[in-house]
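Participant: Shown below is the structure under consideration.
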Amino acid sequence: MSTIQDMGRYQYLSQAVPISGAMDRLSARIANKALSNGDNAAVIEFTYADAEFIAETDLLISYAGDGVILTSGEHQLPAGRPLFILSGAIIKLTNTPSGSRTYLAVAGGWDVPEILGSKSTYLAAGFGGLDGRALKRADILKSEQRLTESTKKILKSLRGDKVNYPGWSIAVQSFLPVDRKTIRVVRGNEFDWFDARSISVFLSTSYIVGRQSNRMGYHLEGAMIARTKKNELLSSAVMPGTIQVTGSGSMVLLMADCQTTGGYPRIVQVAAVDMPLCAQLKPGDSIFFKEISQREAEMLYIEREQELQQLTIAVQSKFL
């Protein structure tokens, strides 16, 4: 399950086209920032990914995320930094138990057509990315040739006759909370449709990511949620991070490829800063939910964006 993704397509929500894009946008951005790519440069999203690829030319790549470790021969390649790879090298991806998704960036970004303002793959409709599908054996990918000046300097400093990389790295963990099993949420539009006991249970007990989970959404297994208000809900806007309660009382956490509207009541919305935590979840993982205010969620988002801006400047300064 490896696809080309970027930060997603937002221009066509009113025509029911999902956002798609990287599930873990933080890791995808950090993989790009390590190369001084733009945040929206296309990356490969590997899910678990017991895979390998061959470098047919010299490459400048980087990767971030918790799903795999990259190796070349006997060398383990560190994440979160630019990696100069020689032509002919075989790069293997080995699964790790700590997460599920990893993002591979290349200098300039991967070269695939832009569809509806994005290079992201939307599998359900079969467009975007590479022919609208997941990658398969013998696929050949090329990089964009439009490199930033900073990226050119990185390549020049690392080019040589062996695998090479700088001594510094970017740690995704430094941008994440220490407790990665508690997901912060704000009240959804229909939060008051559910009884007090259900809300108390929801915010105090764990839920397990079910096997029926994919890029569209995760089914959450745990205590059922009871409604006090039985009104039918007209189809209303939903987005990645929306948690809906089905007619049976079970919950679905919507993810990157989710629909743009839905008829199930929305109990909460995951704070944007914690969506990367959700993206790394696997079936069987256990999580808790913690309510915060909308203002808190907004301030957390702003703080992280400021930190990421500082990171961009810091990486560029390494190659001035």
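The values are calculated or read from the model by the stated rules, or taken from the named source; none is laboratory data. Predicted model only: the values in this text are computed from it and were never measured. Ideal geometry is used to build each Cβ from the backbone, glycine not excepted, and the neighbour counts take in all protein chains shown.
Participant: Go through the range 63-95 residue by residue and tally those that are closer than 20 Å to R215 by Cβ and surrounded by fewer than 18 Cβ atoms within 10 Å (Cβ to Cβ).
Facilitator: 1
Participant: Before we move on, is G210 of a type outside the set (S, T, Y) and free of Cβ contacts under 8 Å to residues at least 40 places away in the same chain?
Facilitator: Numbers: of a type outside the set (S, T, Y): yes; free of Cβ contacts under 8 Å to residues at least 40 places away in the same chain: no.
Against the criterion (of a type outside the set (S, T, Y) and free of Cβ contacts under 8 Å to residues at least 40 places away in the same chain), G210 does not qualify.
Participant: Continuing with the same structure: Scan the range 292-307 and report the pairs whose first residue is of a type in the set (S, T, Y) and whose second residue is surrounded by 14 or more Cβ atoms within 10 Å (Cβ to Cβ), with Cβ atoms within less than 8 Å and a gap of 6+ or a chain change.
Facilitator: S293/V186; Y301/A271; Y301/A272; Y301/V273
Participant: Looking at the range 139-162, can you tell me whether even one residue there is in the same structural domain as D58 (by TED's automatic domain parsing) and under 25 Å from A272 (Cβ atoms)? Don't jump to the end; show me each part of the working.
Facilitator: At the first step, the residues of the range 139-162 found to be in the same structural domain as D58 (by TED's automatic domain parsing) are 139-162.
Right, trim to under 25 Å from A272 (Cβ atoms) and you get none.
Checked against the condition, which is being in the same structural domain as D58 (by TED's automatic domain parsing) and under 25 Å from A272 (Cβ atoms), the range 139-162 yields no hits at all.
Participant: Go through (1) on the phi > 0 side of the Ramachandran plot; (2) in the same structural domain as G263 (by TED's automatic domain parsing) and name the single condition D131 misses.
Facilitator: Failing condition for D131: (2).
Participant: Yes or no: I243 within 29 Å of S62 (Cβ to Cβ) and not in a loop (DSSP other than H, G, I, E, B)? Reasoning before the result, please.
Facilitator: Working: within 29 Å of S62 (Cβ to Cβ): no; not in a loop (DSSP other than H, G, I, E, B): yes.
Judged against the criteria, I243 is not a match.
Residues checked against (1) among the charged types (D, E, K, R); (2) modelled with pLDDT of 95 or more; (3) surrounded by 15 or more Cβ atoms within 10 Å (Cβ to Cβ):
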{"residue": "Q11", "(1), (2), (3)": "no, no, no"}
{"residue": "V43", "(1), (2), (3)": "no, yes, yes"}
{"residue": "E52", "(1), (2), (3)": "yes, no, no"}
{"residue": "I61", "(1), (2), (3)": "no, yes, yes"}
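Participant: If you go through the range 254-268, how many residues are crowded, with 19+ Cβ neighbours inside 10 Å and either in the same structural domain as G132 (by TED's automatic domain parsing) or within 22 Å of Q5 (Cβ to Cβ) (or both)?
Facilitator: Qualifying residue count for the region: 5.
Each row is one residue, and each column tells you yes or no for (1) over 19 Å from the mean Cα position of the chain (by Cα); (2) assigned to a helix (DSSP H, G or I); (3) of a type in the set (D, E, K, R).
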| residue | (1), (2), (3) |
| --- | --- |
| I4 | no, no, no |
| S14 | yes, yes, no |
| I19 | no, no, no |
| F53 | yes, no, no |
| I69 | no, no, no |
| G80 | no, no, no |
| P97 | no, no, no |
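Participant: Something else about it: Could you tell me whether any residue of the range 154-166 is among the β-branched types (V, I, T), in contact with a helix residue (DSSP H, G or I) (Cβ under 6 Å, 6 or more places away or on another chain) and on the phi < 0 side of the Ramachandran plot?
Facilitator: Within the range 154-166, none of the residues are among the β-branched types (V, I, T), in contact with a helix residue (DSSP H, G or I) (Cβ under 6 Å, 6 or more places away or on another chain) and on the phi < 0 side of the Ramachandran plot.
Participant: Out of all the residues in the range 227-253, which are hydrophobic (A, V, I, L, M, F, W, C) and closer than 19 Å to M216 by Cα?
Facilitator: The initial filter retains those residues of the range 227-253 that are hydrophobic (A, V, I, L, M, F, W, C), namely 233-234, 237-239, 243, 245, 251-253.
Residues satisfying the conditions are A237, V238, M239, I243, V245, M251, V252, L253.
Participant: While we're here: Do we have I287 as touching a residue at least 40 places away in the same chain (Cβ under 8 Å), closer than 18 Å to D66 by Cβ, more than 17 Å from the chain's Cα centre (by Cα) and not in a loop (DSSP other than H, G, I, E, B) here?
Facilitator: On the way: touching a residue at least 40 places away in the same chain (Cβ under 8 Å): yes; closer than 18 Å to D66 by Cβ: yes; more than 17 Å from the chain's Cα centre (by Cα): yes; not in a loop (DSSP other than H, G, I, E, B): yes.
When the stated conditions are applied, I287 passes them.
Participant: Anything in the range 124-148 that is among the hydrophobic types (A, V, I, L, M, F, W, C) and either within 22 Å of E52 (Cβ to Cβ) or surrounded by fewer than 15 Cβ atoms within 10 Å (Cβ to Cβ) (or both)? List them, or say none.
Facilitator: Applying the first criterion (among the hydrophobic types (A, V, I, L, M, F, W, C)) to the range 124-148 yields 124-125, 127, 130, 134-135, 138, 140-141, 147.
Of everything in the range 124-148, those that are among the hydrophobic types (A, V, I, L, M, F, W, C) and either within 22 Å of E52 (Cβ to Cβ) or surrounded by fewer than 15 Cβ atoms within 10 Å (Cβ to Cβ) (or both) turn out to be A124, A125, L130, A134, L135, A138, I140, L141.
Participant: Between a first residue in the range 36-49 that is over 21 Å from D66 (Cβ atoms) and a second residue that is not charged (D, E, K, R), which pairs have beta carbons less than 7 Å apart while being 6 or more apart in sequence or on different chains?
Facilitator: Pairs found: S36/T148; S36/S150; S36/T151; S36/I154; S36/V315; S36/Q316; G38/N32; N40/M7.
Participant: Something else: Picking from A16, A41, which residue would you name as being assigned by TED's automatic domain parsing to the domain that holds R159 and either aromatic (F, W, Y) or within 24 Å of K142 (Cβ to Cβ) (or both)?
Facilitator: Values: A16 fails: either aromatic (F, W, Y) or within 24 Å of K142 (Cβ to Cβ) (or both).
One residue alone meets the criteria, A41.
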